[in-house]
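Undergrad: Pasting a structure below so you can have a look.
The values are calculated or read from the model by the stated rules, or taken from the named source; none is laboratory data. The structure presented is a predicted model; accordingly, all values stated were derived computationally and were not measured. Cβ coordinates were reconstructed from backbone atoms using ideal geometry, including for glycine residues, and neighbour counts include every protein chain displayed. To get the accessible areas, we keep the full protein, side chains included, count just its heavy atoms, and leave off ligands, DNA and RNA. Shrake-Rupley method; radii C 1.70, N 1.55, O 1.52, S 1.80 Å.
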Number of protein chains: 2
Amino acid sequence: MTLTDLSMFFRPNGVAVIGASRDPQKFGYSIVHNLLSHHYKGMVYPINPTEERILDLTVYPEIGAAPDPLDLAVIAIPAPAVPAAVEACGIRGVKGVIIVSGGFREVGPEGVEREEAVARIAAQYGIRVIGPNCIGAIDAHTPLNTTFVTGMPRPGEIAFLSQSGAVAAAVMDWAVGSGVGFSRIVSLGNQVDVTTADMLGSIGQDGRTRVVTAYVEGIEDGRKFVEAASRTARDLPLVVLKAGRSDVGARAVSSHTGALAGDKAAYEAAFRRAGVLSARTMEELFDWGRTLAWQPLPKGNRVGILTNAGGAGILAVDALVDGGLEIATLQPETKEFLRKRVFAAASVENPVDILAGSGPATYAVCLDALLADENVDAVVVIQAPQDWFAPLSLAEVVGEVANSPLGRKKPVLAVIMGLASTSDATQVLHRKHIPNFAFPERVGSTLAAMWQRKQWLENHTPEVEANSLEGVDREAAGAVLIGIDGWLPPDRVEVLLRAYGIEVPGSGLAQSSEEAVELADSVGYPVALKLTGSRIVHKSDVGGVTLNVKSADEVRVAFDGMVSELPSELEIDGVMVQHMVRGQAELIVGMVRDTQFGPLVMVGTGGTQVELLKDVTFELAPLTGRQADEMLDRTAAGRLLAGYRGAAPADRAAVVEVIVQLAQIAVDWPGIEEIEINPLIVMEAGRGAAAVDGRVRVIVGG
Amino acid sequence: MTLTDLSMFFRPNGVAVIGASRDPQKFGYSIVHNLLSHHYKGMVYPINPTEERILDLTVYPEIGAAPDPLDLAVIAIPAPAVPAAVEACGIRGVKGVIIVSGGFREVGPEGVEREEAVARIAAQYGIRVIGPNCIGAIDAHTPLNTTFVTGMPRPGEIAFLSQSGAVAAAVMDWAVGSGVGFSRIVSLGNQVDVTTADMLGSIGQDGRTRVVTAYVEGIEDGRKFVEAASRTARDLPLVVLKAGRSDVGARAVSSHTGALAGDKAAYEAAFRRAGVLSARTMEELFDWGRTLAWQPLPKGNRVGILTNAGGAGILAVDALVDGGLEIATLQPETKEFLRKRVFAAASVENPVDILAGSGPATYAVCLDALLADENVDAVVVIQAPQDWFAPLSLAEVVGEVANSPLGRKKPVLAVIMGLASTSDATQVLHRKHIPNFAFPERVGSTLAAMWQRKQWLENHTPEVEANSLEGVDREAAGAVLIGIDGWLPPDRVEVLLRAYGIEVPGSGLAQSSEEAVELADSVGYPVALKLTGSRIVHKSDVGGVTLNVKSADEVRVAFDGMVSELPSELEIDGVMVQHMVRGQAELIVGMVRDTQFGPLVMVGTGGTQVELLKDVTFELAPLTGRQADEMLDRTAAGRLLAGYRGAAPADRAAVVEVIVQLAQIAVDWPGIEEIEINPLIVMEAGRGAAAVDGRVRVIVGG
């Protein structure tokens, strides 16, 4: 698959503005004005049937009349006229169209129709469309600004893709104010043609961009997004803020897995898989973005801190430790070197506190020494306000050392604290590509994001398709699914799981106490008796489970007891008699199909309190053994498998196998909507794991 | 107890500066300069043995020569000369001394001696001392500025107490840059006399302060701090940033409770008890501080959002929901009213999205309507950058509506997004006491803090001393502690717990299998057998527990098995035979004594995996039944007591009783260093709870 070519939106040869205007209150004026005032070097063609000149440019009555070269059209006219304008663009042979106008999907059925018309016309003429209902595109290097927004960031290395025009405008204003440069900014609006996934794969491919940032509200085709994001993340750091974290809860909840697999879990699993760095706030999005764009990744997670104030150093330590970073232990040589160059009362242990009264020269010498220390992977330089020197001088010094051959090998982050006295220092640092933070806490999550990126790059291997799993009896599995709509009967669940090599204890369905005794004799004592019926979802809630039944007599008593106590409205298929398995741990392993991202696999602490304990984690299916193994590390249940306080280690490898196979079932049979094994009893290492209770729901035509 | 009078540090009649200088590089110059340039209206006396005039003021050779009125002296001379200078202040009769000089505790034993000398002299003359090693005090209303730092915040309502001079200086610089006013700022340095607890009780008592904020690194006398903080919090919101969260792990760990009771748990418990709002970053400290100072508390947690951009609204919703707030459901009248006043495509459901193109007038009308809606307790007003009007106009409008009689009843928070185009708007909002935030996310934790404050004020009742607990047999309890240093033998543990009304299952210590059988017969089957010895801390780790022993024969087999398998190096006292209790839940209840805050009580999920699950919470002892009850709500174990999926409710009241009594034991017997009951078996409601395994450690002379 080749990348979609969307370069006409950023480096067009000639831009037409349909709806260009002489009225400064109108978008059609601001767009032409921005193209000119931000120095777009190609031809600009205002299109307007009644005007002759706009901003000193020749106006054309229709796009068909505009001469070559012409790659891109920006449409800013009332919605009802838009489809015809897009068609005119198609006839004229432009490559790309940006529709700024609102009045589409967001206003109801009429608008949806208009969007469909636009999509049809675009496909017919083979043109690409951004929008409608967006603010357009910016390339600060071309330079190009097709928006109607005031202000333009300086040329830089950060690409920003936004699903909200307003958020893009706010970011531009912040960029202008803070002196942070951008390469490209684009707002996608209603995504009638060009989607987030399309743009993700394209926006960073300009040779200038060093980090891709994105504001995302929702994703339609989750798997395409994961593919595009993974591809992007292999080349460039990709930081995404997902807005709308509150689960709307539209999912039909019929299992623990379903109850816990909210939108949030799905996005987390997708982002993890794609190597996306997931920011929680706009501030983090650009703290991480500018630092990843400007500074090298750390080789390890050991941070050196240089400060003129103890308190500020402590705040940085707190934030770094929260982010999973380590406070570096300095080499003895470094401490000896520093000792001779700082005040007697200064601390040469990390954080290195050179105390108030030390100036830019001391900072220069100490920063150089920390960068030279092999135990230090990254340095945070902190300056609390003081009266000995101008913060500007420190900014120059830090910028110089951090850009020296030594400094360029390790990330340097600056915390020149305060606001009133430090804005020029911040501008200088940003010009020199050293990110500055007004308070020390923000370096914690920022260095954590860099470290996460570093580890992902090291551990990331192209995905292995899990389809080659051996010993799977797909024929047997397929047979049990035939004719089912809803929950699969327990005997069929067993066949399905066994077909994928998942161990299930011997069992059978009894209709009478004598049948139950026969079954118990054949599967072996002790046994468990379980009421079985399509309406019974959580058996233990209705007194439908009797455990540890040890003899034929006990089987009879238990069977009669369970059946007689049954509420009359509850229909049952019978009583399952199952050999009782005992093991080291009880897990839950489940699968649900997410509308955006497809099958999600879950593992965690099993039993009846799954939803309360919430000790679970999710991954997209299919997955590799390694990914399943990493899932176990993320849950207490998984970590406990190693043995705890003298308990023997449990069979972790068997659990990994079950997770991988369950994911494979989901991939092989799209009709299966959810699967839940709870509990999965895990035996001692080497002895396997058994699916004691499994439930599978099928949707016909799924 | 009357409040310490520390007003001489903020409203002195006359200030002497010992070490005043003509050299602008020296503190002694900057201090005199700041007193004058920031318009202190009282007399300023520079003290210097060799100068005649400094900054056009008469210089006195020594403080004894300075005339009246003279309340306060600021000392900025080399450390070795400081004790004599303090003595001269004492003789001269000043009331307060601020020691700016460094060179004390922070430089080693010599410095500690100097501090002790200063403390002695201060006590002798009855003068109060701030410092050494601090930047002094500011009162923006007096006005007074005894610091050497450039810039002074405008007069306002926020008091700030800092254990770090550098952090105080950074806050001043931020205050000047953002236009946020302060009432008082003080840095306490080494706290040789005036402590954080002293100052907390005093700093807000000026009739101007409406919120107290504090940056704290460590607290020596925790109980005094809790008292002072509680007293302050009853009058004014108190927001504290505790730096240094990373546990140093110096505590000797000999129980689950001890392992989990880090510094962080102790501070959290202390802050909760005192009604302190605990900020995690400097940004939160002042986001919360200025909002609490300027805006009324919400009556409920339902928030209305008014925005011109959907994306920005979503970011606010995410942050608010994370903070435990609700998105208000607007009244039908409100929606009807709004519908007639906004664009057709606008949303009149909350968040109310008036769309780009709406101006300040629409904001005014809609904000007013939201404030009038009885379903709305607080309003967040968001503006994404646009080109229709100046952000400044919106600032004026929001300020006006929020300060109207209607607006003053509910908190209004503004989010005028961006940076370059919005700094004048922010200044205007801050002048009108509407907090502004550059991005929407920060309103979440801010409104959460206000809501927490509101609830604390409503629920807070002066503490009931738990000493009056009835039916406690203190004589019996005292008797078992005699002569013990270390772990209390199990039989004595039982006596102690029973003396406080905590139920313990019948048991006894057997030395032989026949003794075990006799005991089992007397306490009743089934029984549990447990190896007992001072070296055996976690019995199940060494195979030292056999459960569910049902007959005399089984007792013999189990006894012999346990004793024979015993490693020879493990000395035991015998085997405990205990009646086996079964219940609905297994909890852990524990107590450890914290060096700063005294006895801490813990409750949570019991069993062997306590440290892994970490489902525990802490409180200071003593505590009331209500506080114990709230502890249960904070843990999954406690919430489960209500019954889960058909299980009968467990005896929550009995658990509350055990927690309260355990806390009382800690208060009554300071020699008890830690207590742990694990498991506490909780029976069905009304049937009590039994301490199946209890451990108590005593320190002689404790």
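Residues checked against (1) open to solvent by less than 20 Å² (accessible area, probe 1.4 Å); (2) more than 42 Å from the chain's Cα centre (by Cα); (3) farther than 21 Å from B:V655 by Cα; (4) modelled with pLDDT of 85 or more:
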| residue | (1), (2), (3), (4) |
| --- | --- |
| B:D473 | no, no, no, yes |
| B:D485 | no, no, yes, yes |
| B:Y500 | yes, no, no, yes |
| B:E503 | no, no, no, yes |
| B:E514 | no, yes, yes, yes |
| B:L519 | no, yes, yes, yes |
| B:V523 | no, yes, yes, yes |
| B:V549 | yes, yes, yes, yes |
| B:A558 | yes, yes, yes, yes |
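Undergrad: Can I ask one more? Taking region A:607-625 as the region of interest, how many residues are out of contact with any Ser or Thr (no Cβ under 7 Å at 6 or more places or on another chain) and in contact (Cβ under 8 Å) with a residue 24 or more places away in the chain?
TA: Summing the residues that are out of contact with any Ser or Thr (no Cβ under 7 Å at 6 or more places or on another chain) and in contact (Cβ under 8 Å) with a residue 24 or more places away in the chain in region A:607-625 gives 12.
Undergrad: Quick check, is A:P360 surrounded by 23 or more Cβ atoms within 10 Å (Cβ to Cβ), touching a helix residue (DSSP H, G or I) at 6+ places or on another chain (Cβ under 6 Å) and without any contact (Cβ under 8 Å) to a residue 40 or more places away in the chain?
TA: Considered against the rule, which asks whether it is surrounded by 23 or more Cβ atoms within 10 Å (Cβ to Cβ), touching a helix residue (DSSP H, G or I) at 6+ places or on another chain (Cβ under 6 Å) and without any contact (Cβ under 8 Å) to a residue 40 or more places away in the chain, A:P360 comes out as no.
Undergrad: Going residue by residue through region A:77-88, is there one that turns out to be open to solvent by less than 20 Å² (accessible area, probe 1.4 Å) and of a type in the set (D, E, K, R)?
TA: Checked against the condition, which is being open to solvent by less than 20 Å² (accessible area, probe 1.4 Å) and of a type in the set (D, E, K, R), region A:77-88 yields no hits at all.
Undergrad: Another question about this same structure. Take A:R593 and tell me if it is more than 14 Å from every other protein chain (Cβ to nearest Cβ) and within 24 Å of the chain's Cα centre (by Cα).
TA: yes
Undergrad: Quickly run through region A:331-350 and pick out the residues that are in a loop (DSSP other than H, G, I, E, B) and buried (at least 23 other Cβ atoms within 10 Å of the Cβ).
TA: Across region A:331-350, the qualifying residue is only A:N350.
Undergrad: OK, next. Suppose we keep only residues that are touching a strand residue (DSSP E or B) at 6+ places or on another chain (Cβ under 9 Å) and small (G, A, S) within region A:370-394. Which one would you say is nearest to A:A356 (Cα to Cα)?
TA: Per the stated criteria, the residue is A:A384.
Undergrad: Let me ask another. Among the residues in region B:579-587, are any touching a residue at least 12 places away in the same chain (Cβ under 8 Å) and within 24 Å of B:E673 (Cα to Cα)?
TA: Scanning region B:579-587 turns up at least one residue that is touching a residue at least 12 places away in the same chain (Cβ under 8 Å) and within 24 Å of B:E673 (Cα to Cα).
Undergrad: Further, regarding this structure: Kindly provide the set of residues from region B:34-76 that are under 40 Å from the mean Cα position of the chain (by Cα), buried (at least 21 other Cβ atoms within 10 Å of the Cβ) and either part of a loop (DSSP other than H, G, I, E, B) or of a type in the set (F, W, Y) (or both), ordered by number.
TA: B:L70, B:A76
Undergrad: Output the number of residues of region B:300-313 satisfying the condition of being surrounded by fewer than 24 Cβ atoms within 10 Å (Cβ to Cβ) and either free of Cβ contacts under 8 Å to residues at least 40 places away in the same chain or more than 9 Å from chain A (Cβ to nearest Cβ) (or both).
TA: Residues in region B:300-313 being surrounded by fewer than 24 Cβ atoms within 10 Å (Cβ to Cβ) and either free of Cβ contacts under 8 Å to residues at least 40 places away in the same chain or more than 9 Å from chain A (Cβ to nearest Cβ) (or both): 3 in total.
Undergrad: Right, something else. Listed residues A:G108, A:G96, A:G102; which is at pLDDT below 95 and buried (at least 19 other Cβ atoms within 10 Å of the Cβ)?
TA: A:G102
Undergrad: Is it fair to say B:P153 is within 14 Å of another protein chain (Cβ to nearest Cβ) and open to solvent by less than 10 Å² (accessible area, probe 1.4 Å)?
TA: Here the answer is yes, as B:P153 does meet what is asked.
Undergrad: Counting only residues that are over 20 Å from A:G583 (Cα atoms) and touching a residue at least 60 places away in the same chain (Cβ under 8 Å), how many does region A:493-514 have?
TA: Qualifying residue count for the region: 7.
Undergrad: B:T142 passes all but one of (1) of a type in the set (S, T, N, Q); (2) open to solvent by less than 10 Å² (accessible area, probe 1.4 Å); (3) over 23 Å from A:I416 (Cα atoms); (4) over 25 Å from the mean Cα position of the chain (by Cα); which number fails?
TA: (2)
Undergrad: Something else about it: So in region A:381-430, with the set limited to residues that are within 26 Å of B:V180 (Cβ to Cβ) and β-branched (V, I, T), which one is nearest to the other protein chains (Cβ to nearest Cβ)?
TA: Checked region A:381-430; the qualifying residue nearest to the other protein chains (Cβ to nearest Cβ) is A:T422.
Undergrad: Let me ask something additional. Taking A:R184 as meeting all but one of (1) touching a residue at least 40 places away in the same chain (Cβ under 8 Å); (2) touching a Pro at 6+ places or on another chain (Cβ under 8 Å); (3) closer than 18 Å to A:I135 by Cα, write down the number of the exception.
TA: Of (1) touching a residue at least 40 places away in the same chain (Cβ under 8 Å); (2) touching a Pro at 6+ places or on another chain (Cβ under 8 Å); (3) closer than 18 Å to A:I135 by Cα, only one is false for A:R184: (2).
Undergrad: Just give me the residues in region A:33-58 being farther than 24 Å from A:C134 by Cα and in contact (Cβ under 8 Å) with a residue 24 or more places away in the chain, in sequence order.
TA: Scanning region A:33-58 gives A:E51, A:L57.
Undergrad: Go through the residues of region B:565-576 one by one and say whether even a single one is buried (at least 17 other Cβ atoms within 10 Å of the Cβ), in contact (Cβ under 8 Å) with a residue 60 or more places away in the chain and closer than 22 Å to B:D651 by Cα.
TA: no
Undergrad: Moving on to the next point. Since B:L6 meets every condition but one in (1) buried (at least 20 other Cβ atoms within 10 Å of the Cβ); (2) over 37 Å from the mean Cα position of the chain (by Cα), which condition does it not meet?
TA: Only one criterion is unmet by B:L6, namely (2).
Undergrad: Kindly check whether there is at least one residue in region B:307-320 that is of a type outside the set (G, A, S), over 17 Å from B:K409 (Cβ atoms), touching a strand residue (DSSP E or B) at 6+ places or on another chain (Cβ under 8 Å) and not in a helix (DSSP H, G or I).
TA: The answer is yes, given that some residue of region B:307-320 is of a type outside the set (G, A, S), over 17 Å from B:K409 (Cβ atoms), touching a strand residue (DSSP E or B) at 6+ places or on another chain (Cβ under 8 Å) and not in a helix (DSSP H, G or I).
Undergrad: While we're here: Evaluate region A:377-384: report whether one residue or more is assigned by TED's automatic domain parsing to the domain that holds A:W451, open to solvent by 60 Å² or more (accessible area, probe 1.4 Å) and acidic (D, E).
TA: no
Undergrad: Would you pick out the residues in region A:275-291 that are part of a helix (DSSP H, G or I) and either open to solvent by 10 Å² or more (accessible area, probe 1.4 Å) or on the phi > 0 side of the Ramachandran plot (or both)?
TA: A:E283, A:E284, A:W288
Undergrad: Exactly one of (1) within 12 Å of another protein chain (Cβ to nearest Cβ); (2) at pLDDT 95 or above is unmet by A:A328. Its number?
TA: Every listed condition holds for A:A328 apart from (1).
Undergrad: Further question on the same structure: Within region B:439-457, is even one residue away from every other protein chain (no Cβ under 14 Å), free of Cβ contacts under 8 Å to residues at least 40 places away in the same chain and of a type in the set (A, V, I, L, M, F, W, C)?
TA: no
Undergrad: To continue, here is another question. Is it the case that some residue within region B:126-140 is closer than 24 Å to B:V112 by Cα, basic (K, R) and more than 14 Å from chain A (Cβ to nearest Cβ)?
TA: yes
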